[in-house]
Structures are given as structure tokens and as C-alpha cells.
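The values are calculated or read from the model by the stated rules, or taken from the named source; none is laboratory data. Predicted model only: the values in this text are computed from it and were never measured. No Cβ is skipped: glycine too gets one built from the backbone with ideal geometry, and neighbour counts run over all protein chains shown.
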Amino acid sequence: MFSIKSDCPVPFDQQPLNEYLSLKESCLFSWSMSPKKSFIVSFLYLFSSLFIVFSIFLFVFTNTSNWGQFFLLDLIFSNVVIFFLFIRLYLGWSYVVKRLMSATIFYEESGWYDGQVWIKTSDYLIKDRLIGIYQVQPFILRIKYSCLSIFFNFIVIYLFVSIF
């Protein structure tokens with residue numbers, strides 16, 4: 001799909017295109033790039049699995065007789081875990097898209113003390129920016145909207161708790 005670049009002085013694993021491809025292959029990040037229907041189904045499956053696990057955990061380790069409070073606490077724990085998962089996805093993809101869109105690349109040859117900056121040629125810059133705009137940005141927006149929906153869910157839970 002993508003050609004290996006030989007005239008680039010940046011080490012192979014620090015090239016933005018290769019960072020993108022390695023994230024795309026990882027389990028967690030590939031889930032965020034799945035088709036919309038598969039993403040939503042996986043999200044609901046993950047949420048329900050976390051809800052069940054936290055239900056068992058709360059049932060074993062707490063002694064509450066108020067089932068409404070138990071249910072809300074379970075929802076809060078499940079939402080927090082999923083919110084942090086989406087934050088991790090957002091941070092990973094935003095780092096890669098920042099390096100794809102940038103005209104310069106900071107890289108390290110052998111250690112922390114010898115950092116270099118490479119200015120991308122026009123071919124590299126065009127290819128990286130096209131990948132960043134058309135293949136990564138839509139998924140960053142999806143993750144942002146998912147975080148907003150979870151944040152909205154927190155607000156609804158807070159309002160529900162404050163009313164009762």
C-alpha cells in the first residue's frame with residue numbers, strides 16, 4: 001500500500017507514516033478505525049461487559065441496600081473507564097496526526113541526547129498530510145464525539161443523583 005522511503009534520515013520506527021501504520025495494526029487503535037456500525041456494537045459490548053464486571057465487584061465489596069445508588073455507582077465506574085480509554089485513543093491519534101501534518105520531524109538517532117530535525121520533502125509532506133487529513137482526522141472526530149457523549153452521560157447521571 002505504501003512504499004518504503006529510502007532517502008529519509010529518520011529511523012524507520014520514528015517516521016510518521018510508520019507510526020501511523022503501527023498504531024493502525026494495534027488492537028486498541030484498530031478498533032477505533034473500524035466501520036461505524038462495528039465501532040458502535042463494540043462500544044456497547046465493552047460498556048455492558050464493564051457494567052457487569054463492576055456490578056459483580058460492587059455487589060461483593062459493598063453492602064448497599066439502595067439499588068438505585070448501586071446502579072448509579074456502577075454506571076459511573078463504567079463511564080470513567082470508557083472515558084479514559086477514549087482519552088488514550090485521542091492522545092495516540094492526535095500525536096500521530098500532528099507528526100503527519102508537520103513539515104518538520106524531530107527524531108533521535110541513538111538516544112535522548114542527540115535529537116535531530118528533518119524537513120520533509122514535498123513528496124513526503126503531501127503523502128503524510130493526505131493520510132492525516134483523510135485517514136486519521138475522521139477517527140479523531142469520532143473519538144471526540146464519543147468523549148462528548150460520555151461527558152453528557154456524566155452530566156445526566158449527576159442531574160439524576162442531585163434530583164433524587
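Quick one: would you say I82 is in a helix (DSSP H, G or I), touching a helix residue (DSSP H, G or I) at 6+ places or on another chain (Cβ under 7 Å), among the aliphatic types (A, V, I, L, M) and in contact (Cβ under 8 Å) with a residue 40 or more places away in the chain? The answer is yes for I82.
Pairs meeting the criteria (first residue in segment 91-114 and within 23 Å of Y134 (Cα to Cα), second residue among the small types (G, A, S) and at pLDDT 95 or above, beta carbons under 6 Å, at least 6 apart or on different chains) are V97/G132; L100/G132; M101/G132. Surrounded by 12 or more Cβ atoms within 10 Å (Cβ to Cβ) and either touching a residue at least 24 places away in the same chain (Cβ under 8 Å) or assigned to a helix (DSSP H, G or I) (or both), is that true of I76? Criteria met by I76.
Select from segment 88-113 the residues that are part of a loop (DSSP other than H, G, I, E, B), hydroxyl-bearing (S, T, Y) and surrounded by fewer than 14 Cβ atoms within 10 Å (Cβ to Cβ) and list them in ascending order. Scanning segment 88-113 gives S110, Y113. Of F160, F139, F151, F71, all but one fail to be without any contact (Cβ under 8 Å) to a residue 40 or more places away in the chain and surrounded by 11 or more Cβ atoms within 10 Å (Cβ to Cβ); the exception is F71. If you scan segment 115-135, which residues turn out to be assigned to a strand (DSSP E or B) and either closer than 28 Å to I155 by Cβ or in contact (Cβ under 8 Å) with a residue 24 or more places away in the chain (or both)? Q116, W118, listed by residue number. Scanning segment 93-111 for residues that are under 16 Å from the mean Cα position of the chain (by Cα) and either aromatic (F, W, Y) or over 27 Å from C27 (Cβ atoms) (or both) turns up W93, Y95.
Among residues of segment 12-33 being surrounded by 14 or more Cβ atoms within 10 Å (Cβ to Cβ) and among the hydroxyl-bearing types (S, T, Y), the one that is modelled with the lowest pLDDT is S32.
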